[in-house]
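Please read the structure below before turning to the comments.
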Amino acid sequence: MNVLILFAVPALAFAFAAACAASPYIPTDGSKVVERLPSRASPVQRELMALRAELTRNPKDLERATTLARRYIEQARIEGDPRYLGYAEAALAPWWQQPQAPDQVLVLRATLRQSTHQFALALSDLDTALQRDSGNAQAWLTRATVQSVTGDYAGAKGSCMRLHSRAPALVVQTCLSSVGSVSGEAKASNAALKASLARHPDTDAETRIWVQTLLAEMAARLGDDAAADAQFRQALGAGEPDSYLLAAYSDFLLDRGRAPEVAKLLKDKGRIDALLLRYAIALKAMGAADAPAQADALRSRFDAAVLRGDTVHQREQARFELALRGDARSAVRLAKLNWAVQKESADLRILIEAAVASGDRAAAQTALDWIAKTKLEDRTIAAALAKLKAKA
């Protein structure tokens, strides 16, 4: 079975949120490299150019359009470049406004809509596709992602269950473990996924990176730092690391006082706002001379996003306000706005940390209620949670 792994689309949302077409950056040194563009000589770029040329000759060729859109989405995940998501949408232009678009378009459109937090529209597209074909594994996989991101764990688990006999066993287990790990079944989910990965040693690099990143995050939440570090490193070595993996590992390192490793890991990744955020936090922790300049660059990008009415990146902006500007009131305001839209572990964490720093009782109660409801097990928020409970 050939299932395009778009379940790991939080990475895509991450990349798109990082897009923030920031204020123009004007280097003071004419010799400074602003950005390294993909080489046209690379096999990937040659492939994309060939597909674009074919589609230009016949823009309504559905097969070519969806193939190109998928490749763009894959590159957005790998490179962390949100422009590829715009290219994917452009490839689907003849069908983009059609409520009853072809199934392939509906699933890809849902993926792109999720990236901009248009969750209701994404679910509508997926439901339409599944009404036509209940055996559409990619639609169930993407639906599970949207439901999980928005905190509908029962719905997400149900969508994962529909993958049985429709997707590879490792994909099914990864889907189920991803949901179970944040809904009261952390240890069992971790053990089941490790066992499933061991049974599939020849799995492809893309799937392995997805699985090992999830295993690393689960181990960190369970308090097993050694296992988490090992899984993160294995994921980094399995193929080209995507922005989601780099951010997750950076957060793990920052939590453990390993800022110099983060600075080294992200030194050339500043084009992506969410990675620049972690780089700036690492530099601040190190007392680096360049820390204020990096924070200022990030502030300009967030300010530009606010002027455009862009709210996709509120989680990262809340963290910026708290960690780099020390503005707890702004941080908790943004964290609450973000929580109203998406409910991943990182969203809960910034909500808790901002609530503690600001003394916002409503935000604190929201976080405590969610933990009680979901039975979340997460050692990464233990310290902040203890402070929160003490204040509550």
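The values are calculated or read from the model by the stated rules, or taken from the named source; none is laboratory data. Remember, predicted model here, so these are calculated numbers, not experimental data. For neighbour counting, all protein chains shown are included, and Cβ atoms are generated from backbone atoms with ideal geometry for every residue, glycine included. Keep in mind that these areas ignore ligands, DNA and RNA; they rest on the heavy atoms of the full protein, side chains included. Shrake-Rupley method; radii C 1.70, N 1.55, O 1.52, S 1.80 Å.
Here is the figure for region 81-109: residues that are touching a residue at least 40 places away in the same chain (Cβ under 8 Å), in a loop (DSSP other than H, G, I, E, B) and over 16 Å from the mean Cα position of the chain (by Cα) total 1. Based on what the data block shows, is residue 134 modelled with pLDDT of 95 or more and open to solvent by 50 Å² or more (accessible area, probe 1.4 Å)? In short, yes. Of all the residues that make up region 59-80, how many are in a helix (DSSP H, G or I), surrounded by fewer than 18 Cβ atoms within 10 Å (Cβ to Cβ) and out of contact with any Phe, Trp or Tyr (no Cβ under 8 Å at 6 or more places or on another chain)? Here the count works out to 2. Residue selection: residue 367 satisfies the criterion of being open to solvent by less than 20 Å² (accessible area, probe 1.4 Å) and either modelled with pLDDT under 95 or in a helix (DSSP H, G or I) (or both).
Restricting attention to region 306-327, the residues that are assigned to a helix (DSSP H, G or I) and over 23 Å from residue 262 (Cβ atoms) add up to 2.
Can you confirm whether residue 300 is among the polar types (S, T, N, Q), surrounded by fewer than 20 Cβ atoms within 10 Å (Cβ to Cβ), at pLDDT 95 or above and out of contact with any His (no Cβ under 6 Å at 6 or more places or on another chain)? Judged against the criteria, residue 300 is not a match.
When 343, 373 are checked against the criterion of being open to solvent by 30 Å² or more (accessible area, probe 1.4 Å), closer than 21 Å to residue 150 by Cα and free of Cβ contacts under 8 Å to residues at least 60 places away in the same chain, 373 stands alone in meeting it.
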